[in-house]
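The values are calculated or read from the model by the stated rules, or taken from the named source; none is laboratory data. Nothing here was measured: the structure is a model prediction, and the numbers come from that model. Virtual Cβ from ideal backbone geometry, glycine too; neighbours counted across all protein chains shown. Note: areas computed on protein heavy atoms with side chains; ligands, DNA, RNA excluded. Shrake-Rupley method; radii C 1.70, N 1.55, O 1.52, S 1.80 Å.
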Amino acid sequence: MRLISKDANIKRILYQKGFDEKDILEFEKEANSIILRFDDVKNPSRFIQLLSNLGYFTISNGSMCFATTSLNSLEKTRCVLAEEGIQCSFDVDLTISQRYLLAKDKKLSLLKTNVMGIINVTPDSFYEGSRVQVEKVTQRALQMIQDGADVLDIGGESTRPFSEPVPEEEELKRVIPAIEAIREVDKNIPISIDTYKSRVAQKAIEAGADIINDISGGTFDKEMFYVAAHYNVPIVIMHIKGTPKDMQKNPYYEDVIEEILQFFEQRIEQALKAGVKLENIILDPGIGFGKRLEDNLEILRRCEEFKVLGRPILIGASRKSVIGHVLGNLPPEERLEGTLAISVICAQKKIEFVRVHDVKENKRAILMTQAIFQS
C-alpha cells in the first residue's frame with residue numbers, strides 16, 4: 001500500500017499506470033484528502049467492495065487499485081485492513097511516532113523542521129559561497145550556530161554533477177581537522193559527515209562527528225552500514241541514480257516516487273541486516289542526484305509520501321540547478337529565494353530536515369511558517 005500526496009498530479013499518475021480515461025476523470029473529481037494506492041491485489045472486486053463499504057471511491061486496473069477518502073475514515077480503515085492482513089503503518093497526520101533522534105549524546109527534535117548547515121571544506125563545490133578553508137571553519141561554524149543551525153554538515157568532496165572522486169586520504173585531510181576545530185569551540189552542536197567512504201565516516205565519528213550523511217545510501221561502500229551500526233550513530237540514506245560523474249547523463253524514471261520508495265525499502269533492509277537500528281535511519285530522496293527537472297519538482301511536491309516508511313525525511317535542494325532552471329537559468333549565487341520557497345514547503349509538510357547553505361534566512365522562513373501553521 002502507498003499513500004499518495006494530495007498535492008500529486010493524480011491524473012498524470014493514473015495515465016502512467018494505464019487507467020481508463022473515464023475512470024481517471026471520475027477519480028480526479030472524487031479525490032479527497034487521502035489517496036491510497038494498492039498493488040498486487042489478489043481479488044480486486046472483493047477488495048473494491050470492502051473499501052466502498054468503508055466510504056472510499058475506488059478504481060482498479062488489473063491488480064492495482066487507487067482509493068480516496070477523507071481523513072475521518074482512515075483510522076477505521078486501518079483496523080479493517082489489518083484484519084484482512086493489509087498493514088497501514090503510517091500515521092494519519094503523516095508525522096512519525098518517533099519524537100527525537102539521538103545522535104550520540106545529542107537530541108534532535110523530530111517534531112519540527114531542523115536546519116542542517118552546509119560547510120564544504122572543498123575547492124570545487126558547485127556554490128562558491130559554501131567553500132571554506134580549514135583555518136576558517138570555526139568562524140563559519142560559530143556563525144551558523146548563532147544563526148540557528150540545528151546540525152552542521154561537513155563535506156570534503158564535491159558530488160556536483162560530472163565531478164571526479166577525491167582520494168580517501170585527501171578527503172580525510174580536509175574533514176578531520178575541520179571537525180576537530182569545530183569540536184574545540186562547541187561540544188554540543190550535532191555534526192554530520194558528508195561522505196560515501198566508510199573509513200572517512202569512521203575517522204570522522206572518532207574525531208567528533210555524530211551522524212553519517214551518505215549520498216549513495218550505502219551502495220558505494222558496502223562497509224558503511226557496519227560503521228553506522230558499530231558506532232550506533234544515525235545515517236542519512238540518500239537515493240542516487242548512477243554516480244556523481246554520470247548521474248545526469250539522461251536519467252529516466254517511469255514513476256520517480258515509486259522507484260525511490262523501492263530503493264529506500266531495499267536499503268533499509270540492508271541497513272537493518274548490518275545492525276543499524278531503525279530509529280537511526282533518515283531518508284533523503286536526493287534532489288539533483290540523477291534526476292530531471294520534472295523529477296525534482298515531483299519529489300518536492302510529494303516529499304511527505306516517503307514518510308510511509310516511518311522514517312524522518314531530509315531534503316537537500318539549497319541553491320541547486322532545479323531552482324536555477326525554474327527561475328530563468330539563474331546561477332547558484334541568485335537562487336536564495338527559490339531555496340527559501342522550498343524550505344517553507346518542507347516546513348508546511350513537516351519534513352524533519354532541510355540541508356541549506358544560508359542558515360539564518362532559511363531558519364527564519366521555517367520558524368515563521370511553523371508559527372502560522374501551529375497557531
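What do you reckon, is residue 157 acidic (Asp, Glu), over 30 Å from residue 365 (Cβ atoms) and more than 20 Å from the chain's Cα centre (by Cα)?
Numbers: acidic (Asp, Glu): yes; over 30 Å from residue 365 (Cβ atoms): no; more than 20 Å from the chain's Cα centre (by Cα): yes.
Here the answer is no, as residue 157 does not meet what is asked.
In region 283-335, what residues are of a type in the set (Asp, Glu) and under 12 Å from the mean Cα position of the chain (by Cα)? Outline the logic, then answer.
As a first pass, look at region 283-335 and keep what is of a type in the set (Asp, Glu): 284, 294-295, 298, 304-305, 333-334.
Once the filter is applied, which keeps residues that are of a type in the set (Asp, Glu) and under 12 Å from the mean Cα position of the chain (by Cα), region 283-335 yields 284, 304, 305.
Name the pairs: first residue in region 175-199 and among the basic types (Lys, Arg), second residue open to solvent by 50 Å² or more (accessible area, probe 1.4 Å), Cβ to Cβ under 7 Å, at least 6 apart or on different chains?
Final answer for the pair search is 197/168; 199/168.
State all residues of region 49-74 that are assigned to a helix (DSSP H, G or I) and open to solvent by less than 40 Å² (accessible area, probe 1.4 Å); if no residue qualifies, say none.
So in region 49-74, the residues assigned to a helix (DSSP H, G or I) come out as 49-53, 71-74.
Passing the criteria: 50, 51, 73, 74.
Quick one: in region 163-190, of everything that is in a loop (DSSP other than H, G, I, E, B) and not acidic (Asp, Glu), which residue is surrounded by the fewest Cβ atoms within 10 Å (Cβ to Cβ)? If you could, list the steps in order and put the result at the bottom.
Taking region 163-190 first, the residues in a loop (DSSP other than H, G, I, E, B) are 163-167, 186-190.
If we keep only those that are not acidic (Asp, Glu) too, we end up with 163, 165-167, 187-190.
Values: 163: 17, 165: 16, 166: 20, 167: 10, 187: 10, 188: 8, 189: 20, 190: 23.
It comes out as 188.
Restricting attention to region 1-28, which residues are over 19 Å from residue 48 (Cα atoms) and aromatic (Phe, Trp, Tyr)?
Matches in region 1-28: 15 only.
Is it the case that residue 373 is buried (at least 20 other Cβ atoms within 10 Å of the Cβ) and of a type in the set (Phe, Trp, Tyr)?
On the way: buried (at least 20 other Cβ atoms within 10 Å of the Cβ): no; of a type in the set (Phe, Trp, Tyr): yes.
No; evaluated as a whole, the condition is false for this residue.
Kindly check whether there is at least one residue in region 3-12 that is surrounded by 15 or more Cβ atoms within 10 Å (Cβ to Cβ), among the polar types (S, T, N, Q) and touching a strand residue (DSSP E or B) at 6+ places or on another chain (Cβ under 7 Å).
Within region 3-12, not a single residue is surrounded by 15 or more Cβ atoms within 10 Å (Cβ to Cβ), among the polar types (S, T, N, Q) and touching a strand residue (DSSP E or B) at 6+ places or on another chain (Cβ under 7 Å).
Could you tell me which numbered condition residue 154 fails, if it satisfies all but one of (1) part of a loop (DSSP other than H, G, I, E, B); (2) open to solvent by less than 10 Å² (accessible area, probe 1.4 Å); (3) at pLDDT 95 or above?
All conditions pass for residue 154, except number (1).
Taking the conditions exactly as written (hydroxyl-bearing (Ser, Thr, Tyr) and surrounded by fewer than 17 Cβ atoms within 10 Å (Cβ to Cβ)), does residue 252 satisfy them or not? Can you show your working first?
On the way: hydroxyl-bearing (Ser, Thr, Tyr): yes; surrounded by fewer than 17 Cβ atoms within 10 Å (Cβ to Cβ): yes.
Spelling it out, residue 252 is indeed hydroxyl-bearing (Ser, Thr, Tyr) and surrounded by fewer than 17 Cβ atoms within 10 Å (Cβ to Cβ).
For region 131-151: of the residues being closer than 25 Å to residue 288 by Cβ and among the charged types (D, E, K, R), which is least open to solvent (accessible area, probe 1.4 Å)?
If we take residues in region 131-151 being closer than 25 Å to residue 288 by Cβ and among the charged types (D, E, K, R), then 150 is least open to solvent (accessible area, probe 1.4 Å).
Return the residue satisfying two criteria in turn: it lies in region 209-230 and is open to solvent by 10 Å² or more (accessible area, probe 1.4 Å) and free of Cβ contacts under 8 Å to residues at least 40 places away in the same chain, and of such residues it is farthest from residue 167 (Cα to Cα).
Among those that are open to solvent by 10 Å² or more (accessible area, probe 1.4 Å) and free of Cβ contacts under 8 Å to residues at least 40 places away in the same chain, it is 227.
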